[in-house]
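Structure record follows, encoded as structure tokens.
The values are calculated or read from the model by the stated rules, or taken from the named source; none is laboratory data. Computed from a prediction, not measured in an experiment: that's the story for all the values here. Glycine also receives a Cβ, built like all others from the backbone with ideal geometry; neighbour counts cover every protein chain displayed. What goes into the accessible areas is simple: the full protein's heavy atoms, side chains included, and nothing from ligands, DNA or RNA. Shrake-Rupley method; radii C 1.70, N 1.55, O 1.52, S 1.80 Å.
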Amino acid sequence: MKFVFRAFTLTALLLLALPMAANAQQTCPIKLGGILPITGSLASIGKPISDAAQMAVDDINKAGGIKGCQVEFILRDDQTQTPVALDAAKFLIEVQRVPAIIGPVPSAAAIPMASTFAVQSKVVLSTCCATSPTLTTLAQEGKSGGYFFRTLPTTKTQAYSLARIAIEAGYRRTSVVWANNDNGRFTFSDFQKAFEKLGGKVAADASFNENQPSYRAEVQKALGGNPDSVLFIAFPQDGATVVREWLQLGGTQNMLVINGLRSEEFIKAVGPRFLQKMIGYDVAQVKGPSVDAFNAAWNTKFGRAPATPGLHSTYDSVMVVALAMQLAKEVNGTEIRDNMRKALTLNGEVVFPGSDGFKKASDLIKAGKAIRYVGATGPLQYDQYGDVSAPTMQWKIDADGKIVEGGTRTLDQVQELFKQVDG
Amino acid sequence: MIGELSYLIFFLIFVSIFAIAVLGLNLQWGFTGQFNAGVVGFFAVGAYAMAILTGPTQPRLPDQAFQVSGIGLPFALGLLGAIGVSAAIAYVIGLVTVRLRHDYLAITTFGIAIVIHLVTINFESLTAGTLGFVGIPRPLASTFATPFAHNVAYLAMMFAITGAVFWGLERIVRSPWGRVLKAVREDDVAAIAVGKNADRYRLEAFVIGCALMGLAGALYAAYIGSISPFDFLPIMTFQIWTMMIVGGSGNNRGALLGALVVWGLWTSSGALVSQVVPAKFQAQGGAIQVILIGLVLVGTLLFRPRGLIGEEPKVSRYVD
């Protein structure tokens, strides 16, 4: 028992000593926490996301930092495990006293973090990727205290837009094949709601568990409703498997897909000639000069195109927090929360990503002028629950397998659609 | 200072949650020699039982026929329910698997954990599926004004429960019953030859062990307040096994120590990497953390194969 006690005391002392060395100064540098999945099942998207966050911090520091202080980005790997993510959050908040955290990616970790830590300790959570509408519900019930923000639209924008696209294409009986994760679950049920409201009917639906070698049974089930079209809600690897099986079993080529399948990997795996009638959905923010500026900067820095999901929105999730810090009288969670929207003032002077953009923004703030950050994802705006809505668009594939964009729907039209469905 | 203390309390709450599960596994593997590779499954059963029994009504999606939630039992009954449900499920599984040994049992229990995972994802009317089960009442949270006081109280409760579990297990493994478990582990044919019903003892150890894992899961759910199927990944089974091996299997004190050391290493290595590794390589730092954890495990196996505190050779306090 003595040994247990000694080991216990030692570990406790170690844990206490570790952070104290780094905790001496409060003012400079300004701390920013990050909880992202660098290893574990989301590593393939988490690593580039971490690079994007670090790139944003580098840009901010190059532009002179915040209030004359350099920004120290304390990045923690959550290993795609909720308990690890929660522990990292608690450590960042209590021991390193960060006023804001970038992340986490999975909604499973974001929900407890937003509803307990963030609101209790008054720390802003700014995530790129947690898309679950449960987080909106928490905000509506006041359980996240307004400290939760995200830069990717929720599944509702995607689902409603897809319903509209289906109706416009003349489809009335659509089958839905969806991956059983929080994204797929909500996209499906929102799609069904919107599609039926707009005059269509879901012919059949089949959910599948991810990472299986075959989805024949699910495809059979979706074929059963005698559909005139089909919607696939999946990510590239599973998407390729399920679409191939769908076509092999004689399914229609009138296909609709989510933005997750806007990937060369998927198109190549299925074959462009089978995808000529396919219509894809995406958020339309992914073009414009501010986006090009980010893409070019990324290309120079890493020597490849910013192709994996979540990069642009991560960059923006850091930038908006940094601008809010710059705007705040004092750098703390509540001040940041209250200034997040001021960084996006509608009639403010437009500033772009990159260190030049941040420098310009800082000068404008110093001069007392309103700013409007137009980010790597294009123009963005938080609603009262910390969600962003976005203009949308559709894309198709030409004979060579190249992606062709078109059919943009403005923010107003998206809002209109929301009203039409929700009443 | 209050911040550091607050983190330490949070950390110790997690340690005690894991410690209960490790104690359960230790009874199965350390004392009885049962290779349960489905620890996380029983942890999830307990967590979901707590959520369903005590939690509020979950939103019902348009295509759902019904939603079992909003039972709203008090915490204590939720805890008992979680133990009961995981014991009942373990009993049924135990009846089927009691004659399996070693790797066969491992494969079977691993499969069972996957089945439980799929049930939590797909049986939405019961578990709320991938949406996650939110708003589970957090006991003691409303009685105490500040989150800090709540955490202190919860830790005190965790210590009490972990202590009670530890004490109870120490009693039973030193009893004649516990000595039969060891006999079954060492040589079940010999145990049967002296008239012991090895299968019955194995089943009992399996059920008690799984009930403890369920208890740990329930305490996790009630502390965090929301759960999702993605909180209970197979890696958690590996973590709990590691805790037991590092601490010393076949020794309940080892189980407690293992939970503390391994979870401490798991989390502090992350903090260390984020402090030491230069900003430019932060995105690569995660890999270093995993390497560190791996090294310590391999080191333990090489240099202290019986764990930090191994099993005691004495089987009874009446023997010199």
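Annotations
- Overall form of the protein assembly as shown per C-alpha gyration tensor (a/c, 1.5; a/b vs b/c): oblate
- FRET efficiency estimate (nearest 0.05) - Cβ-Cβ, A:Arg172 to A:Asp400, R0 30 angstrom: 0.45
- Take every pair of alpha-carbon atoms less than 8 Å apart whose residues are at least six positions apart; their mean separation over the length of chain A yields a relative contact order of 16 percent.
- Electrostatic dipole magnitude of segment B:2-233 [Cβ: Lys, Arg +1; Asp, Glu -1; Cα centre; debye, to 20]: 500
- Between the residues A:Gly65, B:Ile293, A:Pro236, the greatest Cα displacement towards the positive end of the dipole of the protein assembly as shown, with unit charges on the Cβ of Lys, Arg, Asp and Glu, is found for B:Ile293.
- Partner lysines for B:Lys314 [C-alpha distance under 26 Å; skip if fewer than 8 residues away on the same chain]: A:Lys2, B:Lys182, B:Lys196
- Length-normalised contact order for chain B - Cα pairs under 8 Å, 6+ apart - percent: 31
- Burial of accessible area (probe 1.4 Å, heavy atoms of protein chains only) in segment B:204-234, relative to its chain alone, reaches at least 20 Å² for B:Tyr220, B:Ile224, B:Ser226, B:Phe230, B:Asp231, B:Leu233.
- For the cross-link pairs A:Lys90/A:Lys369; A:Lys268/A:Lys419; A:Lys62/A:Lys369; A:Lys90/A:Lys329; A:Lys268/A:Lys301; A:Lys47/A:Lys402, the ones whose C-alpha atoms lie over 31 Å apart are A:Lys90/A:Lys369; A:Lys268/A:Lys419.
- A cut-off under 13 angstrom between Cβ atoms defines the neighbours of B:Val180, and their net charge, with Lys, Arg +1 and Asp, Glu -1, is +2.
- On the protein assembly as shown, 62 percent of the accessible area sits on carbon and sulfur atoms, based on a 1.4 Å probe.
- Helical contribution to [θ] at 222 nm, DSSP H n ≥ 4, -39,500 (n - 2.57), averaged over chain A, rounded to 500: -13500 deg cm²/dmol
- B:Glu311-B:Ile107 pseudo-label distance in nm [points 7 Å out on the Cα-to-Cβ vector]: 2.6
- Computed over chain B, the per-residue total of -39500 (n - 2.57) for DSSP H runs of n ≥ 4 gives a 222 nm mean residue ellipticity of -23500 deg cm²/dmol, rounded to 500.
- Pairwise centroid distance, computed over Cα atoms, of segment B:143-190 with segment A:20-91, Å: 38
- Per residue value of the accessible surface for chain A (all protein chains in place, 1.4 Å probe), Å²: 38
- Absence of a disulfide-compatible partner, taken as no other cysteine beta carbon within less than 4.7 angstrom, is noted in the protein assembly as shown for B:Cys210.
- Shape call, chain A: gyration tensor on alpha carbons, a/c limit 1.5: prolate
- With the simple spin-label model, which puts each label point 7 Å out from Cα in the Cβ direction, the A:Asp292 to A:Gln381 separation comes to 2.5 nm.
- C-alpha center-to-center spacing [segment A:366-385, segment A:161-177] in angstrom: 34
- Estimated from the Cβ-Cβ distance and a Förster radius of 45 angstrom, the FRET efficiency linking B:Val96 and A:Lys197 is about 0.40.
- Taking every protein chain into account, the 1.4 Å probe leaves A:Ser214 with about 60 Å² of accessible area, to the nearest ten.
- Taken across both chains, chains B and A shield about 5000 Å² of accessible surface from a 1.4 Å probe.
- Cα gyration tensor category, rounded, prolate or oblate, for segment B:2-233 with a/c compared to 1.5: oblate
- Using a probe of 1.4 Å on the protein chains alone, the accessible area found for A:Arg337 is around 60 Å².
- Label sites at A:Arg273 and B:Met1, each approximated as a point 7 angstrom past Cα along Cα to Cβ, lie 7.7 nm apart.
- Phi-based couplings in Hz for segment A:381-392 (Karplus 6.51, -1.76, 1.60; Gly and Pro marked x): 8, 8, 8, 5, 9, x, 8, 9, 10, 8, x, 10
- Normalised convex hull volume, segment B:97-153, alpha-carbon set, Å³ per residue: 160
- Residue ranges A:241-250, A:411-420, A:152-161 sort as A:152-161, A:241-250, A:411-420 when ordered by packing (mean number of other C-beta atoms within 10 Å per residue, highest first).
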